[in-house]
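Engineer: Following this message is one structure expressed as structure tokens.
The values are calculated or read from the model by the stated rules, or taken from the named source; none is laboratory data. All values derive from a computational prediction rather than experimental measurement. Every residue, glycine as well, gets a Cβ built from its backbone with ideal geometry; the counts of neighbours run over all protein chains shown. Only protein heavy atoms, including side chains, enter the accessible area calculation; ligands, DNA and RNA are left aside. Shrake-Rupley method; radii C 1.70, N 1.55, O 1.52, S 1.80 Å.
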Amino acid sequence: MKLTGISAAVVLCATAAIANPIAPGEVQYDEYGAVAASLSGSDGDAANGAKIMVNRGKGNCVACHAVTALNDAPFHGEVGPSLDGVGSYRSAEELRGIVANAKKMFEGTVMPSFYKTSGFIRPGDGYTGKAAKEEDLMPILTAQEIEDVVAFLLTLQDS
Amino acid sequence: MKYKAMTAFAALAISAPIAFAGGADDDTLAIDGQEMITKTAAPAHMEETGIDTIISGWHFREDDTQSMQADTFDNPGMIAVDQAMDAWNTVEGSAEKSCASCHEGPESMQGVRAVYPKWNEEAGEVRTLAMQINDCRTNQMGADAYKYDSGPMAAMEALIAVQSRGMPVNVAIDGPVAETWEKGKELYYTRTGQLELSCASCHEENYGNYIRADHLSQGQINGFPTYRLKNAKLNTVHGRFKGCVRDTRAETYSPGSPEFVALELYVASRGNGLSVEGPSVRN
């Protein structure tokens, strides 16, 4: 059947899409909350990671963390620890886990989970205040954006 | 490597260090010469929070914002008080009454703001000040209710708040309101939305810290309604709650909803002992 042949091909493509990038619900955290494999299957782009970290509609990491290397973007917060030198004492695997879902490593942390799409109380449709259906939720950052942020964080070495 | 060199250059170019002196300041607030209690011992029910001093949001603002509140002529929120004074004396509704018909001058409202939300025995419910205003309008005056978080409501709340200015907030948390208070407390600690933040995440765990350019306060509501420079109008408590919940990327509750009434009671009780400051001036 011609139709079966087409749908088999679609299923194959879909399978490939699930494997790469890894979906938010499929991320494997180890017992310390680290994630071994790249979420996108690709390397991160540190320069783009820096942009995501200061973009209010994306990571907005500097809202809570001071990062000297990003001082050209004004107003860094102090809710979380400074990230200066974080690439010296955290591995890529740890940073990936923390950015994706910090609660796996730090129970009860106020840090939002940037790669998570389920298990929320009253999830909203962005910042509209209106309800969102859980199945429609997108992670705050994409798999590649997480990798980009991780790549940038690894550039933050002790001077 | 190239990237690091670039950011190092940027850091040098912007030589001003981004460092904040966190926490509340040590200024004192007197409004038209009347001293306000803006820091005091936390009420007993807050023992488990680790907060021993409750602090008005006034202490977390810049000096120029603070000074706007110290003089009623500089406080833009007082314009609404004047407007509400007119409304107070305006006959509306089928009963052909104004507020003044029953209550005489607004000074008869002295002490009212300090104890709301409170139990209404006849209605068998916890009432916010806004609910009581609308009960008067609909049941006593035969007039239309104000929209819960509207300008006219905020203005009337401001007029009533001013009568209690300087008096310590003193809402009851026991007896018939206990159940509502517990519900409000639960909401205070519930982490909502895709950002999974509760009131406590910012206003209990992180007051005094900056989140981007915002200096986090304890989220006290003794200064409501609040004139915000950000939107240049008086803001109601429930309007502010809604904005905060929305900012957690959550589906908000509605102003006037049972959830926000309960939350208001709980949050108000965390300010028991602070002066009524409304209308205050904030960012």
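Engineer: Over 26 Å from B:SER217 (Cβ atoms), over 12 Å from the mean Cα position of the chain (by Cα) and of a type in the set (Asp, Glu), is that true of A:ASP72?
Structural biologist: Here the answer is yes, as A:ASP72 does meet what is asked.
Okay, residues lined up against (1) more than 16 Å from the chain's Cα centre (by Cα); (2) more than 13 Å from chain A (Cβ to nearest Cβ); (3) more than 26 Å from B:PRO76 (Cα to Cα); (4) in a helix (DSSP H, G or I):
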residue	(1), (2), (3), (4)
B:VAL171	no, yes, yes, no
B:ALA178	yes, yes, yes, yes
B:LYS183	yes, yes, yes, yes
B:THR190	yes, no, yes, no
B:LEU195	yes, no, yes, no
B:GLN218	no, yes, no, no
B:ASN231	no, yes, no, no
B:GLY243	no, no, no, yes
B:PRO255	no, no, no, no
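Engineer: Further, regarding this structure: In the list B:SER101, B:SER108, B:SER164, which residue meets the criterion of being polar (S, T, N, Q), open to solvent by less than 30 Å² (accessible area, probe 1.4 Å) and at pLDDT 95 or above?
Structural biologist: The match here is B:SER164.
Engineer: Can you tell me which residue is nearest to A:LEU156 (Cα to Cα) among those in the range A:1-57 that are among the hydroxyl-bearing types (Ser, Thr, Tyr) and at pLDDT below 95?
Structural biologist: Here the answer is A:THR15.
Engineer: Just to be sure, is B:TYR146 surrounded by 20 or more Cβ atoms within 10 Å (Cβ to Cβ), of a type in the set (Ser, Thr, Tyr), at pLDDT 95 or above and closer than 25 Å to B:LEU29 by Cα?
Structural biologist: no
Engineer: From the list B:GLU259, B:GLU277, B:GLU264, which residue is open to solvent by 20 Å² or more (accessible area, probe 1.4 Å) and either in a helix (DSSP H, G or I) or on the phi < 0 side of the Ramachandran plot (or both)?
Structural biologist: B:GLU259
Engineer: Would you list the helices (runs of 4 or more DSSP H) that sit entirely within the range B:41-110 and hold 3 or more residues that are polar (S, T, N, Q)?
Structural biologist: Hits in the range B:41-110: B:63-70.
Engineer: For the range B:243-255, what are the residues that are open to solvent by 30 Å² or more (accessible area, probe 1.4 Å) and small (Gly, Ala, Ser)?
Structural biologist: Once the filter is applied, which keeps residues that are open to solvent by 30 Å² or more (accessible area, probe 1.4 Å) and small (Gly, Ala, Ser), the range B:243-255 yields only B:SER254.
Engineer: Scanning the range B:23-64 for residues that are free of Cβ contacts under 8 Å to residues at least 40 places away in the same chain and among the hydroxyl-bearing types (Ser, Thr, Tyr), which turns out most open to solvent (accessible area, probe 1.4 Å)?
Structural biologist: My answer is B:THR28.
Engineer: Now for a different question. Please specify each residue of the range B:220-229 satisfying the condition of being farther than 19 Å from B:SER164 by Cβ and assigned to a loop (DSSP other than H, G, I, E, B).
Structural biologist: Hit for the range B:220-229 is B:LEU229, nothing else.
Engineer: Exactly one of (1) closer than 23 Å to B:HIS203 by Cα; (2) touching a residue at least 40 places away in the same chain (Cβ under 8 Å); (3) touching a Gly at 6+ places or on another chain (Cβ under 8 Å) is unmet by A:GLY124. Its number?
Structural biologist: The single condition A:GLY124 does not satisfy is (2).
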